[in-house]
Amino acid sequence: MTIPVANDRELVLDLDHDLDVRQSTYDWSVRVFKVLKKILKVNVKLHHSEGQIRDGEIFLFNHFARFETFIPQYLIYTETGAMCRSVASSEFFIKGDSFTNFLLNAGAVPNSMPDLLPFLAAEILRGRKVIVFPEGGMVKDRRVVDLHGAYGVYSRKSQERRKHHTGAAVLALALDVFKQSVLTYHQAGHTRRLRDWAERLRLHDVDALLAAARRPTAIVPANITFYPIRVSDNLLRRGAELLSRGLSRRASEELMIEGNILLKHTDMDVRLGDPVRPSEYWGWFDKRLLKRLLPKVGYLDEIFDLRPASAKWDTRLWRWQMQRRVLRVRDEYMERIYSDVTVNLSHLGSRIILEMVDRGHTEVSQEVFHRTLYLAVKNVQRAPGVHLHRSLRNPEAYAGLLGLHCEGLEQFLRSTRSMELVERVDQSYRFLPKLREEHAFDEIRLENLVVVYANEVAPLHEVRRRVSSAIEEGSRLTPSQLAEFRFDDEQLSYGWDRFRFAKPRYATINEEQTATADPAPFLLRPAMSNGMGVVLVHGFLASPAELRGFGERLQRLGYTVVGVRLKGHGTSPWDLRERSWEDWLASVKRGYEIMAGLVPRIFLVGFSTGGALALCHAADRPDGLLGVAAVAVPVKFQNKNMIFVPLMHRANRLVRWVSSYEGVMPFRPTKTEHPGINYRHMPIRGLYELRRMVDAMRPKLGDVECPVLLLQGSDDPVVVPHSAKLIHDKLGAADKTLKMIRSDRHGILHEDIGDTQQTVVEFLSGIGEGPEGNAGGETRSLNPPTTGGRAEAGTSKLALRTSGEGRRGRTGG
């Protein structure tokens with residue numbers, strides 16, 4: 001076979017030898033790629049459904065970088081073991097070149113190959129997959145739709161926009177016709193022709209041919225999305241320039257963009273869309289006409305000849321119908337390719353910027369822009385059929401938008417500033433004229449990433465609509481609406497953490513957990529609000545379920561209630577192992593901010609670790625805080641082994657650092673009072689953070705000035721009861737109450753021992769009914785009882801009162 005190639009030379013290939021896909025080449029390539037994955041910074045993530053790769057025959061990919069042309073073969077081979085044919089530009093095929101030999105051995109063929117489509121159809125019938133890039137070349141500007149929504153791409157050869165190639169559609173439809181022909185001849189008993197076709201296809205026998213014909217022809221559209229795209233210089237570009245003594249603008253641009261993808265942390269999302277099945281595009285008239293023509297159908301090359309060479313009306317009509325179906329199939333798979341883009345934060349930010357510019361804005365305050373972007377995120381999360389990058393599904397990655405700091409946004413803005421598209425002026429972002437300048441196809445990725453990102457999601461109507469809605473609604477967003485969105489983030493965060501730590505490597509510990517109560521955060525709105533809210537904070541190893549019953553009681557009394565989920569809790573002990581006490585405190589702060597958007601007056605109620613965190617947050621004196629009820633707060637622990645926790649934690653860290661083993665003692669089994677709520681295993685890291693939290697709380701107590709109720713079990717098996725006295729004495733509040741509950745249980749609030757819940761309710765109502773929501777001024781102390789025992793009705797009633805002098809109340813005896 002003689003193939004014309006781009007260097008004006010001819011490549012002579014032996015069909016049976018040179019075009020044979022080599023198993024050894026695939027195995028070697030897979031080993032090399034696995035090594036490179038560890039060295040390079042690109043993170044390839046394949047999104048697909050069950051059987052999608054196995055059943056697909058023709059795979060179509062969009063094209064943004066050169067190296068991505070090798071990724072699909074690797075993914076398909078590692079998933080199914082199937083080797084692929086791919087179509088590459090003839091410029092890569094040079095006679096005698098080693099790279100050309102590699103391409104041929106890996107299954108690539110030049111797009112200038114004679115009878116290319118019949119050859120690919122035959123390969124599919126032999127069980128191979130076929131990979132096609134229907135755009136033709138790299139679409140650097142990501143511009144694939146015009147102002148009227150019609151699809152098209154830029155052609156460097158013709159220097160103009162053109163429609164996408166139809167080769168994949170022709171291949172699929174003609175292949176489907178051939179399969180129907182095979183089945184028709186089989187039903188008619190024409191085994192001689194079938195044996196001839198099987199021999200020409202180099203199949204074992206007619207049964208193998210029939211099996212191939214019975215496989216539904218399936219085109220699998222796929223989208224490759226990179227995030228983030230960076231424009232900073234890199235080692236790959238500098239090295240290439242040094243070796244070549246100067247690069248063209250086009251080569252420099254390609255190496256800068258693609259070098260950053262490979263050498264800096266970049267997500268490469270490969271998403272397979274719903275298959276396009278050509279058999280579904282034949283109408284009743286087509287089927288009748290095809291039935292008439294099938295007995296006349298010859299081998300593959302005749303089917304692929306769409307020229308109206310025959311004078312017979314039925315053949316000419318069929319070819320005309322075939323051409324119409326080709327365009328329909330082409331348009332369908334291109335739409336599915338572009339609709340499967342993985343939407344990220346830079347997409348949304350770019351759409352907002354360009355739409356604001358279209359609306360005449362030259363500047364926007366940072367607060368408005370960040371809030372608009374946050375609202376756009378929340379809007380697209382509810383958009384049907386839109387695929388989101390993990391950074392838009394994990395609130396930890398985007399929630400910082402409301403605090404004016406989000407790393408994903410900062411990275412995007414650094415790129416826009418370096419390109420002189422957007423500049424930061426005081427507390428605003430100024431949109432610069434360069435945003436609307438036209439740039440050459442080979443320059444736009446270096447000159448205007450905002451347009452590149454915006455173009456990539458231009459085919460997604462729902463994204464455009466919801467971004468527009470965010471721009472319009474951003475300035476009208478009420479605190480209550482914002483609070484609802486933020487609570488939704490807490491629920492999403494719970495789902496994300498649960499999914500992350502449900503992987504097989506965590507199964508051994510996860511399967512031993514006994515908790516069955518719903519661990520999700522909760523928001524309870526009363527039928528008739530009293531204008532006050534309560535933020536409930538659960539204890540160590542537990543979840544919001546620990547205080548859910550009490551929360552429902554408060555809801556019936558007219559309080560709005562938020563049940564906070566401390567990070568690491570309610571999911572997996574492995575999750576808790578990754579968290580610090582500062583993460584727990586951040587959870588409390590988020591819960592408080594949610595409540596602040598719903599009601600003006602707020603209480604913090606925390607149990608055990610949750611009580612300590614509530615006091616820590618109260619020390620920051622947040623707006624609207626009326627008081628804190630802290631139950632069984634630890635300062636000293638009954639378990640004397642806690643003193644060894646820092647040592648064990650350091651030993652675990654050392655072992656993890658020097659080996660892949662998970663540590664000397666990463667978890668410790670524990671007996672819990674509430675196995676339906678608490679983890680059964682404690683991570684040593686969690687105990688270490690517990691110690692750190694207590695050490696951080698103690699110096700903060702003097703800054704707590706709001707009214708405080710402290711409740712403590714007299715014979716608490718977990719917390720040394722004297723801890724409550726130590727906390728009480730250090731509180732800066734003028735109004736502070738310490739009450740001891742006769743109990744040898746730790747969970748006195750959850751179990752409502754000694755009317756603990758009613759005591760808290762009375763504290764809340766007493767403070768809430770005081771002047772300006774403050775009943776303060778007086779220090780009250782209740783001495784602990786002298787006897788132990790299990791829970792008894794009531795509490796100790798011995799009370800001592802002193803006048804509230806100064807900032808700190810005095811406790812007498």
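Looking across the stretch 580-591, the residues that are open to solvent by 10 Å² or more (accessible area, probe 1.4 Å) and modelled with pLDDT of 95 or more come down to 581, 582, 583, 585, 586, 589, 590. Of the residues making up the stretch 216-242, those that are assigned to a loop (DSSP other than H, G, I, E, B) and either surrounded by fewer than 15 Cβ atoms within 10 Å (Cβ to Cβ) or modelled with pLDDT under 80 (or both) number 4. Could you please find all residues in the stretch 590-621 being among the basic types (Lys, Arg) and outside any helix (DSSP H, G or I)? If the condition is that a residue be among the basic types (Lys, Arg) and outside any helix (DSSP H, G or I), then 601, 621 are the ones that fit.
The residues of the stretch 440-457 that are hydrophobic (A, V, I, L, M, F, W, C) and either assigned to a helix (DSSP H, G or I) or buried (at least 20 other Cβ atoms within 10 Å of the Cβ) (or both), listed by number, are 444, 446, 449, 450, 451, 452, 454, 457. For the stretch 54-67, which positions are touching a Phe, Trp or Tyr at 6+ places or on another chain (Cβ under 8 Å) and under 21 Å from residue 171 (Cβ atoms)? Passing the criteria: 60, 61, 62, 63. The helices (runs of 4 or more DSSP H) found entirely in the stretch 379-436 that carry 2 or more residues being under 25 Å from residue 362 (Cα atoms) and at pLDDT below 95 are 407-418. If you go through the stretch 693-724 and pick out every residue that is open to solvent by 10 Å² or more (accessible area, probe 1.4 Å) and either assigned to a loop (DSSP other than H, G, I, E, B) or among the aromatic types (Phe, Trp, Tyr) (or both), you end up with 8. Pairs are defined by a Cβ separation below 9 Å, a sequence spacing of at least 6 or placement on different chains, a first member in the stretch 617-630 that is open to solvent by 30 Å² or more (accessible area, probe 1.4 Å), and a second member that is assigned to a helix (DSSP H, G or I) and of a type in the set (D, E, K, R); the pairs so defined are 620/589; 620/700; 620/703; 621/703. Residues that are open to solvent by 70 Å² or more (accessible area, probe 1.4 Å), farther than 30 Å from residue 461 by Cα and not in a loop (DSSP other than H, G, I, E, B) do occur in the stretch 206-214.
The single residue among 410, 420, 363, 367 that is open to solvent by less than 70 Å² (accessible area, probe 1.4 Å) and either of a type outside the set (A, V, I, L, M) or in contact with a His (Cβ under 8 Å, 6 or more places away or on another chain) (or both) turns out to be 410. Of all the helices (runs of 4 or more DSSP H) wholly in the stretch 38-113, which have at least 1 residues that are under 27 Å from residue 455 (Cβ atoms) and of a type in the set (Val, Ile, Thr)? Output list reads 71-80. Note on the stretch 399-457: among residues that are more than 20 Å from residue 371 (Cα to Cα) and among the acidic types (Asp, Glu), the one that is nearest to the chain's Cα centre (by Cα) is 456. Within the stretch 508-523, the set of residues being within 20 Å of residue 488 (Cα to Cα), touching a Phe, Trp or Tyr at 6+ places or on another chain (Cβ under 8 Å) and open to solvent by less than 30 Å² (accessible area, probe 1.4 Å) comprises 519, 520, 521. Counting only helices (runs of 4 or more DSSP H) that sit wholly inside the stretch 248-367, those with at least 3 residues that are over 30 Å from residue 36 (Cβ atoms) are 284-293, 300-304, 313-339, 345-358.
Residue 439 passes every criterion in (1) within 19 Å of residue 146 (Cα to Cα); (2) touching a strand residue (DSSP E or B) at 6+ places or on another chain (Cβ under 7 Å); (3) at pLDDT below 95 apart from (2). The set of residues in the stretch 150-169 being hydrophobic (A, V, I, L, M, F, W, C) and open to solvent by 40 Å² or more (accessible area, probe 1.4 Å) consists of 150 alone.
Scanning the stretch 490-504 for residues that are buried (at least 16 other Cβ atoms within 10 Å of the Cβ) and more than 16 Å from residue 524 (Cα to Cα) turns up 492, 493, 494, 496, 497, 500, 501.
For the stretch 672-724, filtering for residues that are touching a strand residue (DSSP E or B) at 6+ places or on another chain (Cβ under 7 Å) and basic (Lys, Arg) leaves 1.
Look at (1) open to solvent by 20 Å² or more (accessible area, probe 1.4 Å); (2) of a type in the set (Ser, Thr, Tyr); (3) touching a strand residue (DSSP E or B) at 6+ places or on another chain (Cβ under 9 Å); (4) under 30 Å from residue 208 (Cβ atoms) and you find that residue 86 fails only one, number (1). Whenever a residue of the stretch 33-50 is under 17 Å from residue 340 (Cβ atoms), its partners that are acidic (Asp, Glu), lying with C-beta atoms within less than 7 angstrom and at least six residues away or across chains, give the pairs 45/267; 45/269; 47/269. Scanning the stretch 139-167 for residues that are touching a helix residue (DSSP H, G or I) at 6+ places or on another chain (Cβ under 7 Å) and hydrophobic (A, V, I, L, M, F, W, C) yields a count of 1. Of all residues in the stretch 276-309, those that are open to solvent by less than 40 Å² (accessible area, probe 1.4 Å) and either among the hydroxyl-bearing types (Ser, Thr, Tyr) or modelled with pLDDT under 80 (or both) total 13.
Identify all residues within the stretch 147-200 that are assigned to a loop (DSSP other than H, G, I, E, B) and under 29 Å from residue 86 (Cβ atoms); write none if there are none. Matches in the stretch 147-200: 150, 152, 156, 157, 158, 159, 163, 164, 165, 166.
The values are calculated or read from the model by the stated rules, or taken from the named source; none is laboratory data. Note that this is a predicted model, so its numbers are computed, not measured. As a convention, Cβ positions derive from the backbone with ideal geometry for all residues, glycine included, and neighbour counts pool all protein chains shown. Remember, those area values only see protein heavy atoms, side chains included, never the ligands or the DNA or RNA. Shrake-Rupley method; radii C 1.70, N 1.55, O 1.52, S 1.80 Å.
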